Amino acid sequence: MLESAQEAVGRALPKIRLEQYIGGEWYKGGGADRPVMSPSDGKLLAVVSDADADDLQRVVDAAAEGQRAWHLAGPGARAAALREAAARLRAHADELALIDALDSGNPITGMKFDVALGAMLMDYFAGVAAEAKGETIPQRDGKITYVTREPLGLVARLVAFNHPLLFAAAKMAAPLAAGNAVVVKPSEETPLSALRLAEIVGDIFPEGVFSVLTGGPELGAAICKCPAISAVSLIGSVPTGKAILKGGADTLKRTQLELGGKNALVICPDADVDAAIAGAVKGMNLGWTAGQSCGSTSRVLVHESLHDRVVDGIARAFDAVQLGDPTDDATEMGCLSTRGQYQKVLDYIELASSEGATIAAGGKPEGVSAEGFFVRPTLVTNVKPDMRIAREEVFGPVLSVLSWTDEVEMLDIVNGLDVGLTASVWTRDLDTAMRLTNRIQAGYVWVNDSSDHYLGAPFGGFKSSGHGREECLEELLAYTEQKTVTIVPTGTI
Ligand code: NAD
């Protein structure tokens with residue numbers, strides 16, 4: 001099937017094993033066939049059969065065999081395996097990035113960065129594997145009380161479509177470093193790089209320890225209900241987060257939820273305006289995921305005194321962005337990853353107009369290819385806080401601008417939503433920076449910066465943007481539980 005994509009882009013694409021990877025073995029999925037389409041030209045890339053209940057049971061059985069040995073192998077052996085996996089990722093970076101560019105529509109340069117980031121996070125969790133450690137408690141009469149951290153068992157990681165390889169690679173790392181078995185479920189929209197990942201790194205891990213199952217929400221729901229799975233972590237939308245909490249309730253699943261946002265970027269009157277404009281454009285992650293980023297700063301709240309300059313600057317920058325073939329190194333921005341995303345983004349642009357906002361740049365599809373889901377970066381102005389375009393996550397290349405004069409009212413708008421993932425503040429004044437970072441309800445706040453994540457710095461949301469933190473030590477510890485042991489001496493001490 002992949003030959004069609006190969007012809008379409010004129011490049012060599014690796015053969016991908018289109019089956020379920022279960023603890024060291026490959027099985028044709030027992031579920032329905034699912035076509036995987038290229039969003040940049042509408043061509044069929046592959047057909048993958050979804051995993052069914054039997055496949056899930058195989059994962060459980062395999063993990064029951066392998067996980068204990070993996071735990072007993074110790075952090076040194078687990079770290080070595082993860083470092084080997086990171087090295088193999090780097091060695092296969094070009095082909096993995098090409099797969100993601102074809103499958104997700106994200107530009108290949110961004111997807112090469114994702115492979116590097118995935119490898120870096122694997123190395124990070126290799127480095128902290130021995131930090132899943134405990135403590136001793138002072139005792140009397142020579143008794144010893146100590147606390148160890150033990151792995152949970154089998155952990156599932158359900159991930160979104162916007163960074164397919166990065167999420168598959170980076171999210172398996174913490175549970176494995178902590179001694180768990182892990183099953184990764186990529187998005188049904190972008191499953192190919194996770195399957196290739198399994199081919200590339202699978203043999204590094206003992207049988208039963210690492211699995212990849214593909215499928216959609218039904219498979220995700222079955223995973224949530226599965227009693228043998230101890231924890232389910234999601235990178236996905238707020239509604240899916242709620243479904244996971246409900247679906248996992250009967251088996252008391254531990255959960256980590258990294259969900260959506262509608263992130264504010266605040267420009268204060270004393271800001272370096274050119275830097276703030278550049279930060280607002282960068283914060284949209286257009287060249288990485290066409291704005292399909294949970295952390296995208298898609299609500300700009302600019303002080304009235306700078307409004308026109310900022311709007312003009314962002315509009316110019318948006319108009320200059322070159323959309324193109326995601327597999328081309330020169331492409332600055334690719335396309336939306338699915339037909340549903342494409343339609344949703346166009347619908348929100350129409351909604352913004354009908355609500356009375358102004359489309360100041362973009363606002364329409366771009367004809368890079370007849371069947372591709374390309375939409376120009378879109379700037380929406382004259383946005384009022386109660387409009388849906390100001391309140392709902394678009395998850396696409398649509399930036400709304402709101403104007404403010406009073407700081408208290410501005411903070412009410414920033415904090416007036418159910419979500420609170422990231423925020424960005426632009427000011428030259430230390431007191432303003434400290435006051436606003438203190439008052440903004442978001443899990444990650446940049447000052448005079450946007451978009452970038454830093455290794456070891458916790459990433460995660462306030463309110464409905466989720467719970468738990470990732471890319472840091474807390475992520476490792478989330479896949480452990482504490483055991484307290486008291487030992488009483490039987491003789492004289
Ligand atoms: P989604 O919630 O539709 O799907 C995410 C994953 O959950 C997929 O693997 C999907 O198959 C699975 N799933 C869907 N419904 C399910 C159900 N009822 N039960 C169990 N599993 C189910 O999200 P998406 O459209 O793939 O991604 C976009 C969303 O993800 C946005 O809201 C975005 O903000 C969020 N996101 C968050 C982060 C973060 O780190 N906070 C990062 C990336 C994306």
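Observations, loosely collected:
- Reported count of residues in segment 415-432, each being of a type outside the set (D, E, K, R), open to solvent by 10 Å² or more (accessible area, probe 1.4 Å) and in contact (Cβ under 8 Å) with a residue 12 or more places away in the chain, is 6.
- Residue ID - most open to solvent (accessible area, probe 1.4 Å), chosen from residues in segment 284-333 that are within 20 Å of the chain's Cα centre (by Cα) and more than 16 Å from the ligand (Cβ to nearest atom): Gly287
- Taking residues in segment 242-259 that are within 11 Å of the ligand (Cβ to nearest atom), and partners anywhere that are at pLDDT below 95, not one pair has Cβ atoms closer than 8 Å while being at least 6 places apart or on different chains.
- Counting only helices (runs of 4 or more DSSP H) that sit wholly inside segment 200-319, those with at least 2 residues that are in contact with a Lys or Arg (Cβ under 9 Å, 6 or more places away or on another chain) are 217-225, 238-247, 273-283.
- Scan segment 433-471 for residues that are within 13 Å of the ligand (Cβ to nearest atom), open to solvent by 30 Å² or more (accessible area, probe 1.4 Å) and hydroxyl-bearing (Ser, Thr, Tyr) and the total you get is 1.
- Leu176, sole failed condition from (1) assigned to a strand (DSSP E or B); (2) crowded, with 24+ Cβ neighbours inside 10 Å: (1)
- The set of residues in segment 478-493 being surrounded by fewer than 19 Cβ atoms within 10 Å (Cβ to Cβ) and either within 16 Å of the ligand (Cβ to nearest atom) or not in a loop (DSSP other than H, G, I, E, B) (or both) consists of Glu481, Gln482, Lys483, Thr484, Val485, Thr486, Ile487.
- Scanning segment 155-182 for residues that are within 12 Å of the ligand (Cβ to nearest atom) and hydrophobic (A, V, I, L, M, F, W, C) yields Ala156, Leu158, Val159, Ala160, Phe161, Leu166, Phe167, Ala168, Ala170.
- Filtered residues of segment 98-132 (kept if aromatic (Phe, Trp, Tyr) and more than 15 Å from the chain's Cα centre (by Cα)): Tyr124, Phe125
- Residue-level check: of (1) crowded, with 19+ Cβ neighbours inside 10 Å; (2) modelled with pLDDT of 95 or more, Gln343 misses just (1).
- One residue stands out in segment 84-143 among those that are more than 20 Å from Asp452 (Cβ to Cβ) and of a type in the set (Val, Ile, Thr): the one that is surrounded by the most Cβ atoms within 10 Å (Cβ to Cβ), namely Ile99.
- Of everything in segment 351-410 that is assigned to a loop (DSSP other than H, G, I, E, B) and of a type in the set (A, V, I, L, M), the residue that is farthest from the ligand (Cβ to nearest atom) is Ala370.
- Condition met for Ser353 (open to solvent by 40 Å² or more (accessible area, probe 1.4 Å), in the same structural domain as Pro377 (by TED's automatic domain parsing), touching a strand residue (DSSP E or B) at 6+ places or on another chain (Cβ under 7 Å) and small (Gly, Ala, Ser)): yes
- Condition check for Ser403: of a type in the set (S, T, N, Q), surrounded by fewer than 23 Cβ atoms within 10 Å (Cβ to Cβ) and modelled with pLDDT under 95: no
- All strands (runs of 3 or more DSSP E) inside segment 108-166 with 3 or more residues being within 30 Å of Lys225 (Cα to Cα) and assigned by TED's automatic domain parsing to the domain that holds Gly248: 144-151, 154-158
- Lone unmet requirement of (1) within 19 Å of Thr255 (Cα to Cα); (2) within 16 Å of the ligand (Cβ to nearest atom); (3) not hydrophobic (A, V, I, L, M, F, W, C) for Glu150: (2)
- Residue check, Gly42 among the small types (Gly, Ala, Ser), open to solvent by 10 Å² or more (accessible area, probe 1.4 Å), more than 14 Å from Ala181 (Cα to Cα) and at pLDDT below 95: yes
Yes/no per residue for (1) under 20 Å from Ala64 (Cβ atoms); (2) in contact (Cβ under 8 Å) with a residue 60 or more places away in the chain:
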{"site": "Gly153", "(1), (2)": "yes, yes"}
{"site": "Arg157", "(1), (2)": "yes, yes"}
{"site": "Phe161", "(1), (2)": "no, yes"}
{"site": "Phe167", "(1), (2)": "no, yes"}
{"site": "Met172", "(1), (2)": "yes, no"}
{"site": "Pro175", "(1), (2)": "yes, yes"}
{"site": "Ala178", "(1), (2)": "yes, yes"}
{"site": "Val184", "(1), (2)": "yes, no"}
{"site": "Leu192", "(1), (2)": "no, yes"}
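- Every listed requirement among (1) in contact (Cβ under 8 Å) with a residue 12 or more places away in the chain; (2) within 22 Å of Val212 (Cβ to Cβ) is met by Pro107 save one, (2).
- Note on segment 356-380: among residues that are modelled with pLDDT of 95 or more, open to solvent by 10 Å² or more (accessible area, probe 1.4 Å) and among the β-branched types (Val, Ile, Thr), the one that is farthest from Glu304 (Cα to Cα) is Ile359.
The values are calculated or read from the model by the stated rules, or taken from the named source; none is laboratory data. Since the structure is predicted, the reported quantities are computational estimates derived from the model, not experimental observations. Reconstructed Cβ throughout: ideal geometry from the backbone, glycine too, with neighbour counts over all protein chains shown. Calculation scope for accessible area: heavy atoms of the full protein, side chains included, ligands and nucleic acids excluded. Shrake-Rupley method; radii C 1.70, N 1.55, O 1.52, S 1.80 Å.
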